[in-house]
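Undergrad: Before I ask anything, here is the structure I am working with.
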Amino acid sequence: MFKNPLFSVSILCGFLVFTANFCFNIIAPFYTQNMLNLSPSSAGFMMMLFPICMVIVAPLSGALSDKIGSELLTFAGLVVMVVAQFGLAWLHEGSSLVIVGVWIAMLGIGSGLFQSPNNSLIMSQVPRTQLGSAGSVNSLVRNVGMVVGITVATTILFHVMSAKAGHRVTGLVPGRPDIFLHGMHAVFITSASICLVAAVLTGWRMFQAKTAKQAKQPAAKH
């Protein structure tokens, strides 16, 4: 299956997106509760914007991909995610809840735009006899992406916080929100860069698919 470059790129992009998303999942509770001083329930409602937007957009994106193809939608989804991640990287202690909500919702919209078409692309690149194997690989890559995202986020966060504080930090430093925000910004810039790499790969995949389609048309006419 991995001899097919379009399959491999689609799997890799899925991995990168889950890695980036779980960077957000790890950082967001600390930011909303400790920096914005939201209660646990209010922070939970704020973070629910991500899955709610994703649940609404993903079925629509999947249906649309059946009509216009998947390549453009996956690329658009990743571009939205890149913008949202860079937006999250600019948040600070006094950020408006509306602005925070907009970036979180955009991240969910981008993920929803990307996921269904990308899954469709993955499954369309393998013969019927390998659909089960392709689905298993897709699920495995998602779970690995989650684990890697958690590892990347916590490692970068505490490394940058320790460098800022001048000593080893393993948690929030009382009275020093700037130390956490410094680490948070580094994490979101990293996750935005990960999404940007996925967007470049998806753009290449879209170009390859378009080239292959154009090559088939003259052959079909002939």
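Undergrad: I'd like the residue in segment 164-202 that is touching a Gly at 6+ places or on another chain (Cβ under 9 Å) and farther than 19 Å from Gln85 by Cβ and, out of all such residues, is modelled with the highest pLDDT.
TA: Top of the filtered list is Lys164.
Undergrad: Sticking with this one: Is segment 91-98 home to any residue that is closer than 27 Å to Pro29 by Cα and part of a helix (DSSP H, G or I)?
TA: yes
Undergrad: Among the residues of segment 104-124, is there at least one that is part of a helix (DSSP H, G or I), polar (S, T, N, Q) and out of contact with any Gly (no Cβ under 8 Å at 6 or more places or on another chain)?
TA: yes
Undergrad: Of the residues that make up segment 2-23, is at least one over 20 Å from Asn143 (Cβ atoms) and either buried (at least 21 other Cβ atoms within 10 Å of the Cβ) or without any contact (Cβ under 8 Å) to a residue 60 or more places away in the chain (or both)?
TA: yes
Undergrad: In this structure, is Ala84 surrounded by fewer than 21 Cβ atoms within 10 Å (Cβ to Cβ), in contact (Cβ under 8 Å) with a residue 12 or more places away in the chain and either farther than 24 Å from Met184 by Cβ or in contact with a helix residue (DSSP H, G or I) (Cβ under 8 Å, 6 or more places away or on another chain) (or both)?
TA: no
Undergrad: Residue by residue through segment 125-146, note down the ones that are within 10 Å of Phe18 (Cα to Cα) and either exposed (fewer than 13 other Cβ atoms within 10 Å of the Cβ) or in contact with a strand residue (DSSP E or B) (Cβ under 9 Å, 6 or more places away or on another chain) (or both).
TA: Asn143
Undergrad: Restricting the first residue to segment 184-204 and requiring it to be under 15 Å from Leu91 (Cα atoms), which pairs with a second residue that is not in a helix (DSSP H, G or I) meet a Cβ separation below 6 Å and a spacing of at least six or different chains?
TA: His185/Ala89; Phe188/Ala89; Ile189/Ala89
Undergrad: Residue by residue through segment 125-172, note down the ones that are over 30 Å from Asn37 (Cα atoms), in contact (Cβ under 8 Å) with a residue 24 or more places away in the chain, out of contact with any Leu (no Cβ under 6 Å at 6 or more places or on another chain) and part of a loop (DSSP other than H, G, I, E, B).
TA: Listed by number, the list holds a single entry, Val126.
Undergrad: Ok, one more. Taking Pro51 and the conditions (1) in contact (Cβ under 8 Å) with a residue 60 or more places away in the chain; (2) within 14 Å of the chain's Cα centre (by Cα), which numbered condition does it fall short on, given that it satisfies the others?
TA: Unmet for Pro51, out of (1) in contact (Cβ under 8 Å) with a residue 60 or more places away in the chain; (2) within 14 Å of the chain's Cα centre (by Cα): (1).
Undergrad: OK, next. Run down Lys3, Lys67 and say which single residue is of a type in the set (Lys, Arg) and part of a loop (DSSP other than H, G, I, E, B).
TA: That would be Lys3, the only listed residue that is of a type in the set (Lys, Arg) and part of a loop (DSSP other than H, G, I, E, B).
The values are calculated or read from the model by the stated rules, or taken from the named source; none is laboratory data. No experiment lies behind these values; they were computed from the predicted model shown. Glycine also receives a Cβ, built like all others from the backbone with ideal geometry; neighbour counts cover every protein chain displayed.
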